[in-house]
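The values are calculated or read from the model by the stated rules, or taken from the named source; none is laboratory data. Keep in mind that what you see is a predicted model, and the values were worked out from it rather than measured. Please note: Cβ atoms are built from the backbone with ideal geometry, for glycine as well, and neighbour counts cover all protein chains shown.
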Amino acid sequence: MPIKNKVFVDSSFLVALYNLSDTLHDKTSEVNTRLASSDPDLYVSNYILLEVLTVLSQKIGRSKSVDIGERIIHDGQIKVVHITEDLQELSWDIFRSTGNKNMSFVDCSILAVMQDRGLRYLLTFDKTDFTSLRRQFGFSFF
């Protein structure tokens, strides 16, 4: 039996997916087709959820953002990982060790969750920031 793919979904993808006027929205259709065919386990962190809902609230309105939040939190399709004190410390270690000025603390928390949960794939439209760390953290882009 094949091991099911585990994919961490970054805020850049989710914002583009739910914001119909986002310049990357059309690209999400292509990626969603690939997602559907591989049926992976999808993960976000509470930090990513915070980013997504804040941006969507500003871009498409509070009511729609709340609906999307309800879907993400309650439908079970996406697992929400809460950043614990241990994950925050690991995120901090990664943040301190990376020299990339564009790598945010939230980005480092993604790597911490992926490392902690054994996630091998990252779905993001911000590949530039993560490319240099792929080999070190042992992940691929979805």
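Taking the stretch 31-142 and the strands (runs of 3 or more DSSP E) fully enclosed by it, no element has 3 or more residues that are among the hydroxyl-bearing types (Ser, Thr, Tyr), without any contact (Cβ under 8 Å) to a residue 40 or more places away in the chain and more than 18 Å from VAL7 (Cβ to Cβ).
Among the residues of the stretch 20-58, those that are of a type outside the set (A, V, I, L, M), surrounded by fewer than 20 Cβ atoms within 10 Å (Cβ to Cβ) and more than 16 Å from PHE142 (Cβ to Cβ) comprise SER21, ASP22, THR23, HIS25, ASP26, ASN46, GLU51, THR54, SER57, GLN58. One residue stands out in the stretch 7-40 among those that are over 23 Å from GLN58 (Cα atoms) and modelled with pLDDT of 95 or more: the one that is farthest from the chain's Cα centre (by Cα), namely VAL7.
Restricting attention to the stretch 35-67, the residues that are aliphatic (A, V, I, L, M) and within 26 Å of ASP116 (Cβ to Cβ) add up to 9.
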